[in-house]
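Notes follow the structure.
Please treat every number below as a calculation from the coordinates, not as lab data. None of these values were measured; they are calculated from a predicted model. Note: ideal-geometry Cβ built from the backbone for every residue, glycine included; neighbour counts use all protein chains shown.
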Amino acid sequence: MEVVGKSSARASVQARWSTRFWRAFAVAMLVLAPARVVLAQSPVSAARPTAPDTASLGHGPYAHMHTLLEKTIFKVDVLTVDVRLGREDVRRLEALAGGRYYSPGLADSIAEVAIHSRDAWVRVRFLRGVSLKHFLDGVDDNLILARDAGTIADGAYRIISEGLPRWFGFLEERGIRKGDQIEYRIRGDTLNTRYWAASGQLMLDQTDVGPERRLAVLGSYFAARSDFREGLIESLFPRGRSEPRFRVSARK
């Protein structure tokens with residue numbers, strides 16, 4: 001009976017974390033619900049095509065944010081997210097965070113800079129496979145949250161939700177596999193999205209113009225309720241989350 005009890009408890013915990021994982025995973029792909037999609041169904045060439053131009057991005061300790069999403073209970077790595085911002089944004093981040101410790105108020109200020117960046121690069125790397133069904137369920141959950149928060153209108157929610165199975169049809173049989181990557185390159189209001197198979201095959205190459213796409217990508221990672229925000233912002237603070245407390249002893 002004791003073994004059964006432990007097994008049942010573990011199953012319950014797994015179910016709770018599974019729901020949280022799919023919602024967080026779906027954020028990484030939400031913006032790919034496209035107005036138009038250009039698919040490359042076969043490798044473009046034997047070698048991977050030229051990477052997006054990142055020459056305008058900043059450098060230094062405040063130029064790169066990184067986080068790992070995992071199922072905390074069982075330490076199962078799910079995906080990683082890397083974010084780089086333009087030079088002006090990096091200067092703003094350094095002015096905000098330089099020499100300081102992490103705090104909720106400071107995190108809010110950093111998130112604002114990131115969300116409204118007009119020069120950014122984001123890479124999502126999947127560390128485990130995902131079925132299309134789980135993916136679509138997670139995307140719809142996040143669309144509902146976005147609608148309820150007033151980020152998107154109900155009409156937009158319905159159009160995207162009903163179109164998801166068609167837009168992501170190229171993953172119907174294949175699914176998302178370990179090693180797949182998504183790259184986003186934002187310049188002004190232009191967003192280029194690329195989906196790479198682990199083999200190096202370019203499966204999606206899409207360009208959209210308009211501030212809503214840019215805000216959807218960056219807002220997904222830096223919104224207050226995002227599962228990625230805390231890890232990304234904390235990566236800028238190698239000194240720790242909070243100021244150390246010093247004990248002052250009264251002199252006798």
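A few notes on this one:
- Mean Cβ neighbour count within 10 Å, used as a protection proxy, ranking 165-176, 191-202 highest first: 191-202, 165-176
- Enclosing the Cα atoms of the stretch 52-108 in their convex hull gives a volume equal to 113 cubic angstrom per residue.
- Gyration tensor (alpha-carbon) shape descriptor, the stretch 167-214, a/c threshold 1.5: prolate
- Spin-label model distance (nm) - residue 87 vs residue 189, 7 Å beyond Cα toward Cβ: 2.5 nm
- The stretch 75-140 shape via C-alpha gyration tensor axes, a/c threshold 1.5: prolate
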